[in-house]
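The values are calculated or read from the model by the stated rules, or taken from the named source; none is laboratory data. These numbers come from a predicted model, not from an experiment. Note: ideal-geometry Cβ built from the backbone for every residue, glycine included; neighbour counts use all protein chains shown. Please note that ligands, DNA and RNA were not included when accessible areas were found on the heavy atoms of the full protein model with its side chains. Shrake-Rupley method; radii C 1.70, N 1.55, O 1.52, S 1.80 Å.
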Amino acid sequence: MPFIVVYDSCVLYPNTLRDLLVRLALTGIIQVKWTEQILDEVDRALIERGISSEKNAERRRRMNNAVRDCLVTNYEPLIEGLKLPDPDDRHVLAAAIKAGAQVIVTNNLKDFPPDYLAEWDIERKSPDDFVMDLIDMDGRVVYSCAREIADSRRNPPVTFDEVLLQLERSGLIESSTALRADPLPHA
(Lines give C-alpha, C1' and ligand atoms only; values in the text may rest on other atoms or scores of the structure.)
Protein backbone atom coordinates (compact mmCIF):
# COMPACT_ATOMS: atom_id res chain seq x y z
CA MET A 1 0.00 0.00 0.00
CA PRO A 2 1.59 3.32 -1.04
CA PHE A 3 1.88 6.04 1.53
CA ILE A 4 -0.47 9.01 1.30
CA VAL A 5 0.82 12.50 0.51
CA VAL A 6 -0.93 15.88 0.36
CA TYR A 7 0.57 18.43 -2.01
CA ASP A 8 0.30 22.04 -0.85
CA SER A 9 -0.53 24.65 -3.50
CA CYS A 10 2.98 26.13 -3.48
CA VAL A 11 4.44 22.90 -4.91
CA LEU A 12 1.76 22.70 -7.60
CA TYR A 13 2.44 26.22 -8.89
CA PRO A 14 5.75 25.73 -10.78
CA ASN A 15 4.97 23.92 -14.04
CA THR A 16 7.86 21.44 -14.22
CA LEU A 17 7.70 20.65 -10.51
CA ARG A 18 3.93 20.08 -10.77
CA ASP A 19 4.52 17.88 -13.82
CA LEU A 20 7.04 15.76 -11.91
CA LEU A 21 4.87 15.48 -8.79
CA VAL A 22 1.81 14.44 -10.81
CA ARG A 23 3.83 11.91 -12.81
CA LEU A 24 5.15 10.46 -9.56
CA ALA A 25 1.56 10.05 -8.39
CA LEU A 26 0.76 8.12 -11.56
CA THR A 27 3.49 5.55 -10.82
CA GLY A 28 1.61 4.19 -7.81
CA ILE A 29 4.54 4.46 -5.39
CA ILE A 30 2.60 7.19 -3.57
CA GLN A 31 -1.05 8.07 -3.24
CA VAL A 32 -1.41 11.80 -3.82
CA LYS A 33 -4.17 13.99 -2.45
CA TRP A 34 -5.23 17.61 -2.78
CA THR A 35 -8.44 19.59 -2.44
CA GLU A 36 -10.41 21.95 -4.60
CA GLN A 37 -9.34 24.68 -2.17
CA ILE A 38 -5.66 23.86 -2.78
CA LEU A 39 -6.27 23.96 -6.53
CA ASP A 40 -8.11 27.30 -6.12
CA GLU A 41 -4.90 28.73 -4.62
CA VAL A 42 -2.88 27.41 -7.56
CA ASP A 43 -5.39 28.96 -9.97
CA ARG A 44 -5.16 32.37 -8.29
CA ALA A 45 -1.35 32.33 -8.43
CA LEU A 46 -1.34 31.30 -12.10
CA ILE A 47 -3.95 33.93 -13.02
CA GLU A 48 -1.68 36.56 -11.43
CA ARG A 49 1.05 35.25 -13.73
CA GLY A 50 -1.22 35.77 -16.74
CA ILE A 51 -2.52 32.22 -17.25
CA SER A 52 -6.11 32.36 -18.49
CA SER A 53 -9.04 30.95 -16.55
CA GLU A 54 -9.68 28.55 -19.43
CA LYS A 55 -6.12 27.14 -19.28
CA ASN A 56 -6.39 26.85 -15.50
CA ALA A 57 -9.67 24.98 -15.80
CA GLU A 58 -8.12 22.59 -18.33
CA ARG A 59 -5.02 22.00 -16.14
CA ARG A 60 -7.21 21.37 -13.13
CA ARG A 61 -9.49 18.97 -15.03
CA ARG A 62 -6.50 17.05 -16.35
CA MET A 63 -4.90 16.80 -12.91
CA ASN A 64 -8.10 15.58 -11.24
CA ASN A 65 -8.74 13.06 -14.02
CA ALA A 66 -5.15 11.80 -14.12
CA VAL A 67 -4.63 11.04 -10.44
CA ARG A 68 -7.05 8.44 -9.16
CA ASP A 69 -8.92 9.35 -5.96
CA CYS A 70 -6.94 12.59 -5.50
CA LEU A 71 -9.62 14.89 -4.11
CA VAL A 72 -10.11 15.11 -0.36
CA THR A 73 -13.60 16.20 0.68
CA ASN A 74 -15.41 16.79 3.97
CA TYR A 75 -12.26 18.05 5.70
CA GLU A 76 -13.71 21.51 6.39
CA PRO A 77 -15.13 20.71 9.88
CA LEU A 78 -11.56 20.06 11.08
CA ILE A 79 -10.18 23.45 10.05
CA GLU A 80 -11.47 25.58 12.91
CA GLY A 81 -9.89 23.40 15.61
CA LEU A 82 -6.39 23.52 14.11
CA LYS A 83 -3.68 25.93 15.19
CA LEU A 84 -0.92 26.80 12.74
CA PRO A 85 1.35 29.86 12.47
CA ASP A 86 -0.56 30.87 9.33
CA PRO A 87 -4.28 30.19 9.82
CA ASP A 88 -4.70 30.17 6.03
CA ASP A 89 -2.78 26.86 5.93
CA ARG A 90 -5.15 25.01 8.27
CA HIS A 91 -7.14 23.62 5.35
CA VAL A 92 -4.04 21.78 4.10
CA LEU A 93 -3.51 20.10 7.47
CA ALA A 94 -7.22 19.35 7.75
CA ALA A 95 -7.12 17.63 4.35
CA ALA A 96 -4.04 15.64 5.39
CA ILE A 97 -5.76 14.49 8.59
CA LYS A 98 -8.95 13.56 6.75
CA ALA A 99 -6.98 11.67 4.06
CA GLY A 100 -4.83 9.81 6.59
CA ALA A 101 -1.72 11.29 4.97
CA GLN A 102 1.75 10.63 6.30
CA VAL A 103 3.35 13.62 4.53
CA ILE A 104 2.52 17.18 3.49
CA VAL A 105 4.79 18.33 0.67
CA THR A 106 5.25 22.09 0.95
CA ASN A 107 7.76 24.88 0.54
CA ASN A 108 6.24 26.60 3.60
CA LEU A 109 7.93 24.42 6.20
CA LYS A 110 7.78 27.10 8.91
CA ASP A 111 3.99 27.14 8.66
CA PHE A 112 3.74 23.45 9.55
CA PRO A 113 5.55 22.90 12.88
CA PRO A 114 6.80 19.30 13.14
CA ASP A 115 5.81 18.88 16.80
CA TYR A 116 2.24 19.91 16.04
CA LEU A 117 2.03 17.68 12.95
CA ALA A 118 3.33 14.75 14.99
CA GLU A 119 0.04 14.72 16.90
CA TRP A 120 -1.46 13.25 13.70
CA ASP A 121 1.63 11.24 12.65
CA ILE A 122 2.18 13.64 9.75
CA GLU A 123 5.51 14.98 8.55
CA ARG A 124 6.15 18.00 6.39
CA LYS A 125 8.72 17.74 3.65
CA SER A 126 10.13 20.16 1.15
CA PRO A 127 9.69 18.99 -2.43
CA ASP A 128 13.44 18.34 -2.63
CA ASP A 129 13.47 16.17 0.51
CA PHE A 130 10.33 14.38 -0.67
CA VAL A 131 11.76 13.58 -4.11
CA MET A 132 15.07 12.52 -2.51
CA ASP A 133 13.10 10.07 -0.34
CA LEU A 134 11.49 8.68 -3.50
CA ILE A 135 14.90 8.43 -5.18
CA ASP A 136 16.05 6.41 -2.17
CA MET A 137 12.98 4.17 -2.50
CA ASP A 138 13.27 3.64 -6.27
CA GLY A 139 15.42 6.07 -8.21
CA ARG A 140 14.48 4.43 -11.50
CA VAL A 141 10.90 5.61 -11.09
CA VAL A 142 11.89 9.22 -10.40
CA TYR A 143 14.41 9.22 -13.24
CA SER A 144 11.78 7.81 -15.60
CA CYS A 145 9.29 10.53 -14.63
CA ALA A 146 11.85 13.29 -15.24
CA ARG A 147 12.80 11.68 -18.56
CA GLU A 148 9.09 11.54 -19.55
CA ILE A 149 8.82 15.30 -18.99
CA ALA A 150 11.70 15.93 -21.40
CA ASP A 151 10.26 13.49 -23.94
CA SER A 152 6.77 15.05 -23.75
CA ARG A 153 7.83 18.67 -24.30
CA ARG A 154 7.86 19.44 -27.98
CA ASN A 155 6.96 23.12 -28.25
CA PRO A 156 9.67 24.02 -27.56
CA PRO A 157 11.53 20.74 -27.12
CA VAL A 158 13.65 20.42 -23.99
CA THR A 159 16.48 18.13 -23.02
CA PHE A 160 16.64 16.03 -19.88
CA ASP A 161 19.28 18.42 -18.49
CA GLU A 162 16.98 21.40 -19.14
CA VAL A 163 14.22 19.64 -17.17
CA LEU A 164 16.67 19.15 -14.29
CA LEU A 165 17.62 22.85 -14.47
CA GLN A 166 13.93 23.81 -14.31
CA LEU A 167 13.50 21.55 -11.28
CA GLU A 168 16.56 23.15 -9.66
CA ARG A 169 14.97 26.59 -10.14
CA SER A 170 11.95 25.19 -8.26
CA GLY A 171 14.20 24.14 -5.37
CA LEU A 172 15.00 20.51 -6.24
CA ILE A 173 18.75 21.02 -5.90
CA GLU A 174 19.72 17.70 -4.31
CA SER A 175 17.23 15.69 -6.36
CA SER A 176 18.45 17.15 -9.65
CA THR A 177 22.05 16.55 -8.66
CA ALA A 178 21.28 12.93 -7.75
CA LEU A 179 19.43 12.32 -11.02
CA ARG A 180 22.21 13.94 -13.03
CA ALA A 181 24.99 12.04 -11.26
CA ASP A 182 23.41 8.59 -11.45
CA PRO A 183 20.77 8.26 -14.15
CA LEU A 184 19.46 4.99 -12.71
CA PRO A 185 20.03 5.29 -8.97
CA HIS A 186 19.25 2.16 -6.98
CA ALA A 187 18.63 0.16 -10.15
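Sorted from largest to smallest, which semi-axis lengths in Å does the alpha carbon gyration tensor of the chain give for its equivalent ellipsoid, taking the root of 5 times each eigenvalue?
For the chain, the semi-axes come out at 26, 20, 15 Å.
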Legend entry - Nitroxide proxy distance, nm - points 7 Å out along Cα→Cβ at residue 147 and residue 177: 2.4 nm
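Expressed in nm to one decimal, what extension gain is obtained for the pair residue 137 and residue 118 from 0.36 nm per residue of sequence separation less their Cα-Cα distance?
Details: separation 19, 0.36 × 19 = 6.84 nm, distance 2.26 nm.
Value of the extension gain: 4.6 nm.
If you roll a 1.4 Å probe over the heavy atoms of the protein chains, what accessible area per residue do you get for the range 17-123, in Å²? Numbers along the way, then the final one.
Working: 5480 Å² over 107 residues.
Result: 51 Å² of accessible area for each residue.
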Legend entry - the range 1-96, accessible surface, carbon-and-sulfur percent (1.4 angstrom probe): 51 percent
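Classify the range 42-151 as rounded, prolate or oblate, taking a ≥ b ≥ c as the square roots of the eigenvalues of its Cα gyration tensor: rounded when a/c is under 1.5, otherwise prolate if a/b is larger than b/c and oblate if not.
Numbers: a/c = 1.80, a/b = 1.18, b/c = 1.53.
Taking the square roots of the gyration eigenvalues as a ≥ b ≥ c, the range 42-151 is oblate.
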